[in-house]
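> Before I ask anything, here is the structure I am working with.
The values are calculated or read from the model by the stated rules, or taken from the named source; none is laboratory data. This one's a predicted model, so the numbers in the text were calculated from it and none came from an experiment. Every residue, glycine as well, gets a Cβ built from its backbone with ideal geometry; the counts of neighbours run over all protein chains shown. Side chains are part of the model used for accessible areas, which takes the heavy atoms of the whole protein and leaves out ligands, DNA and RNA. Shrake-Rupley method; radii C 1.70, N 1.55, O 1.52, S 1.80 Å.
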Amino acid sequence: MKITAAITGINGYVPDYILTNKELEKIVDTNDEWITTRTGIKERRILKGEGKGTSVLGIEAVNGLLKKTKIDAKEVDLIICATATPDMIFPSTACIIADKIGAANAFAYDLMAACSGFLYALSTASKFIETGTYKKVIVVGADKMSSIINYEDRATCIIFGDGAGAIMLEANNEGLGVQDAILKSDGSGSEFLHMKAGGSAKPATYETVDAKEHSVWQDGQTVFKAAVTSMADVSEEIMKKNNLSANDVSWLVPHQANQRIIDATARRMGVGNEKVMVNIEKYGNTTNGTIPLCLWEWEKKLKLGDNLILAAFGGGFTWGSVYLKWAYNS
Ligand code: UT7
């Protein structure tokens, strides 16, 4: 039987500080009712402390993962960090994480696909396992979104939070793990969701800082419409391609950007709410953290052989679905 790439462990980490809707009401012209009905978000976590970047979240998630799986850091072959908020433009956050956790034998790199990054990284990582090239690969989705949020912009500051989740991928001979992935991108969407400055096209200047161009900018409605259509389309497509009916799907694990986007995807798939992982009310949109944070929180409910559909949409535009069979009972 061919080798498949199975998730053999999961861990999540969110920082302690809770930024509630009530607190946001004091910062910008918004209210709990608007945020709750339009997004489903009640609170989000924020990483406080000078000099603390995304790697701090990733290190916590990965160290916990190694402890849970009883795997020595030196056994890890590769670490891919999916992030849109690296500690620095270079070196990669994955290298920083690898060093701090003692993964001396791993090579490490970052992967950038905004909110779809975790799925892109999971799919990429699974190839290293399926080909027999590597035995133990960690994918960590981590973002300190608060570092690129303008807390004067009520259209974006209410959505995002900080968090990280990490998975261990190992070879499986029983057909469990990643079954299929459909990943897509359309760069013409970049004008609707981006950070204007700080990259090579528009390096930081006093003017870019004054104009608050180092934070997330989005045309919310356009992104919303594209997300609803694309996430639902691609999830339906992966079900059809793999002959899965709604009954065959044990869990939908959607990117947590907006409760209404999640509902629309589940509706199109015909999957009932009881099978949809949602923790957006507690964490908001943690970008690359959302999907692994869901898996982490639902781990005890997951059973060997469960069919999971993971789905995401984000900046780029990027989007996709991954179909996997859960590989263990916890
Ligand atoms: O994960 C990355 C991908 N990102 C997404 O998937 C986000 C997709 N977009 C969305 O989730 C939604 O578009 C938002 C949650 C960002 C906004 O919701 P919306 O229902 O699209 O609202 P809107 O932008 O159409 O704004 C409606 C009204 C406007 O007022 P007027 O023009 O109707 O008077 C806004 O100014 O709501 C106003 N508004 C707010 N009011 C209170 C916008 N933000 C707020 C706010 N509090 N925080």
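> Among the helices (runs of 4 or more DSSP H) confined wholly to the stretch 110-226, which include 1 or more residues that are within 16 Å of the ligand (Cβ to nearest atom), open to solvent by less than 60 Å² (accessible area, probe 1.4 Å) and farther than 24 Å from K48 by Cβ?
Output list reads 117-130.
> Condition first: away from the ligand (no atom under 14 Å from the Cβ), touching a residue at least 12 places away in the same chain (Cβ under 8 Å), touching a Ser or Thr at 6+ places or on another chain (Cβ under 8 Å) and not assigned by TED's automatic domain parsing to the domain that holds G198. Can you find one or more residues in the stretch 59-68 that meet it?
Within the stretch 59-68, not a single residue is away from the ligand (no atom under 14 Å from the Cβ), touching a residue at least 12 places away in the same chain (Cβ under 8 Å), touching a Ser or Thr at 6+ places or on another chain (Cβ under 8 Å) and not assigned by TED's automatic domain parsing to the domain that holds G198.
> Let me ask something else about it. Scan the stretch 294-330 residue by residue and report those that are without any contact (Cβ under 8 Å) to a residue 24 or more places away in the chain and in contact with a Phe, Trp or Tyr (Cβ under 8 Å, 6 or more places away or on another chain).
none
> Then there's this: Need a quick list: helices (runs of 4 or more DSSP H) entirely within the stretch 1-103 having at least 2 residues that are open to solvent by 30 Å² or more (accessible area, probe 1.4 Å) and under 27 Å from S330 (Cβ atoms).
Once the helices (runs of 4 or more DSSP H) in the stretch 1-103 are filtered for at least 2 residues that are open to solvent by 30 Å² or more (accessible area, probe 1.4 Å) and under 27 Å from S330 (Cβ atoms), what remains is 54-69.
> Can you name the condition, by its number, that L244 falls short on among (1) of a type in the set (A, V, I, L, M, F, W, C); (2) over 18 Å from T39 (Cβ atoms); (3) assigned to a helix (DSSP H, G or I)?
(3)
> So, I291, is that one buried (at least 18 other Cβ atoms within 10 Å of the Cβ), assigned to a helix (DSSP H, G or I), in contact (Cβ under 8 Å) with a residue 24 or more places away in the chain and near the ligand (Cβ under 10 Å from one of its atoms) or not?
Answer is no for this residue.
> If you don't mind, another one. Which of the residues belonging to the stretch 1-26 are over 18 Å from L293 (Cα atoms) and free of Cβ contacts under 8 Å to residues at least 60 places away in the same chain?
Correct list: T20, K22, E23, E25, K26.
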